[in-house]
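The block underneath contains the structure these notes are about, expressed in structure tokens.
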Amino acid sequence: MVSVDQVLSTLSLVIDPDLKKSIVSMGMIKDIEINGSELKFTLELTTPACPFNDEIEQDVRKAIASIKEVSKLDLKVTAKVMEGRSLSVDQMLPTVKNIIGVASGKGGVGKTTVSVNLALALAKTGAKVGLLDADIYGPSVPLMLGMNKAAMEVDNNKLQPVDSHGIKVVSFGFFAEQAHQAAIYRGPIISGILKQFLVDTNWSDLDYLIVDLPPGTGDIPLTLAQTIPITGIVVVTTPQDVASNIAVKAFGMFQKLNIPIMGVIENMSYFTCPKCTEKHYIFGKDGAKRMSEKHELQFLGGIPLNPGIMEGSDSGRPVLVSDPNSTMSQSFMAVAKNVAARCSVLASQLSDEMKDAAAN
């Protein structure tokens, strides 16, 4: 009869492609049961959005198939998102496993569109997701989600997020009196509003909190960085060199604050002609990829330029809601899985650092 040690020894040869570690050492194998030649256990992946989940599962099945003593495998596959930030030192948001800031060096690159669809894509994988619209000066998330008439309530002195398509949303745009007024506030007031949205909101248990930051390197990104531990920052840019050059300033600020840069997303990468299906690189080609390589950053993927994405944002029905099987939606799903994978890598590094600190 096969033994538990034999099963674990065999499975230890299966390596997570992102983490570069054995799935056994990462604690992904749970609840092993052996009944004669029948084997049962759970494979607990690090995130439901990992791009290699199917590959890992197949590798596990192949590994077990090599054990002659096993005639039947009952494999249950689940996922538990890893904590990519120091929850032990964060008394304000202890139930949010990962906080991902979405930044850009300049406006007009589609950062909020990316933020909204990134949140929806992660939620579609089964993760619990929140979206904080931190662009106090120009909150557009409610418009993009068709939530113009929504309002936030207060319960037990906590702001209650508004649910939309499976994600929890907080935005300054929900306050009706701001609908047709320009937000004119000085830095300290802006910082206070953001802190309240972060710490005085009932976010409940979240795997990922996406924070849509205003463009540039002003008060709000600094406040976010200095208020709570952050998993990392995603930078959105377009292929043009001018956009990429300005994006460098955005991630440069976060690097100075010792916040990990998770990678770069290139929006408006190309346009596919509906008649000839040929790709046209209207704003240049591979600008974000070149920037990523130059600064040793992860390239998280490109989003095509498509009227459907713009129309979905304007109508309040993002493309992941209106056309989930389209190539546009699939590009957002691919980017979201890469972001989730980066979260798992950073979480693994954080875990190793904490273990080293405890050992010393």
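The values are calculated or read from the model by the stated rules, or taken from the named source; none is laboratory data. Note that the structure is a prediction, hence the values are computed from the model and not measured. Here the Cβ is made from the backbone with ideal geometry for all residues, glycine too, and neighbour counts use every protein chain on show.
Among the residues of the stretch 213-229, those that are surrounded by fewer than 22 Cβ atoms within 10 Å (Cβ to Cβ) and touching a strand residue (DSSP E or B) at 6+ places or on another chain (Cβ under 9 Å) comprise Gly216, Thr217, Ala225, Ile228, Pro229.
Of all the numbered requirements in (1) outside the structural domain of Ser348 (by TED's automatic domain parsing); (2) within 30 Å of Ile233 (Cβ to Cβ); (3) not polar (S, T, N, Q), Val70 misses one, and that requirement is (2).
Rundown of residues vs (1) basic (Lys, Arg); (2) assigned by TED's automatic domain parsing to the domain that holds Met333; (3) free of Cβ contacts under 8 Å to residues at least 40 places away in the same chain, yes/no style:
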| residue | (1), (2), (3) |
| --- | --- |
| Arg61 | yes, no, yes |
| Ala65 | no, no, yes |
| Leu93 | no, yes, no |
| Gly101 | no, yes, no |
| Gly107 | no, yes, no |
| Gly130 | no, yes, no |
| Asp133 | no, yes, no |
| Pro142 | no, yes, yes |
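Residues Ser329, Ser344, Ser322: which one is touching a Leu at 6+ places or on another chain (Cβ under 7 Å), among the small types (Gly, Ala, Ser) and farther than 30 Å from Pro229 by Cβ? It would help to see each step written out before you state the result.
Working: Ser344 fails: farther than 30 Å from Pro229 by Cβ; Ser322 fails: touching a Leu at 6+ places or on another chain (Cβ under 7 Å).
Residue meeting the stated conditions: Ser329.
Please verify whether Ser164 is of a type in the set (Ser, Thr, Tyr), at pLDDT below 90 and over 20 Å from Ile259 (Cβ atoms), treating the condition exactly as stated. The answer is no for Ser164. If the condition is being surrounded by 24 or more Cβ atoms within 10 Å (Cβ to Cβ) and either among the polar types (S, T, N, Q) or not in a loop (DSSP other than H, G, I, E, B) (or both), then the stretch 131-143 contributes Leu131, Leu132, Asp133, Val141. Is it the case, given these coordinates, that Phe52 is touching a residue at least 40 places away in the same chain (Cβ under 8 Å) and not assigned by TED's automatic domain parsing to the domain that holds Leu346? Yes; evaluated as a whole, the condition is true for this residue.
Yes/no per residue for (1) out of contact with any helix residue (DSSP H, G or I) (no Cβ under 6 Å at 6 or more places or on another chain); (2) closer than 24 Å to Cys50 by Cα; (3) at pLDDT 80 or above; (4) buried (at least 23 other Cβ atoms within 10 Å of the Cβ):
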{"residue": "Ile233", "(1), (2), (3), (4)": "no, yes, yes, yes"}
{"residue": "Ile259", "(1), (2), (3), (4)": "no, yes, yes, no"}
{"residue": "Gly284", "(1), (2), (3), (4)": "yes, no, yes, no"}
{"residue": "Arg290", "(1), (2), (3), (4)": "yes, no, yes, no"}
{"residue": "Leu297", "(1), (2), (3), (4)": "yes, yes, yes, no"}
{"residue": "Arg317", "(1), (2), (3), (4)": "yes, no, yes, no"}
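Counting the residues of the stretch 188-238 that are more than 19 Å from Thr112 (Cβ to Cβ) and not β-branched (Val, Ile, Thr) gives 16. Figure legend. Inter-residue proximity from the stretch 5-27: first residues on the phi < 0 side of the Ramachandran plot and basic (Lys, Arg), second residues in a loop (DSSP other than H, G, I, E, B) and surrounded by 14 or more Cβ atoms within 10 Å (Cβ to Cβ), beta-carbon distance below 9 Å, spacing 6+ or different chains. No pairs are indicated. Run Ile210 past the list (1) hydrophobic (A, V, I, L, M, F, W, C); (2) modelled with pLDDT under 90; (3) part of a strand (DSSP E or B) and report the number of the one that doesn't hold. Every listed condition holds for Ile210 apart from (2).
Scanning the stretch 1-55 for residues that are in a strand (DSSP E or B) and among the hydroxyl-bearing types (Ser, Thr, Tyr) yields Ser22, Thr42. Which one of these is surrounded by fewer than 24 Cβ atoms within 10 Å (Cβ to Cβ), part of a loop (DSSP other than H, G, I, E, B) and at pLDDT 85 or above: Met92, Met82? Only one candidate qualifies: Met82.
Flag set for Gln160, criterion: surrounded by 14 or more Cβ atoms within 10 Å (Cβ to Cβ), over 22 Å from Ser329 (Cβ atoms) and of a type outside the set (Phe, Trp, Tyr).
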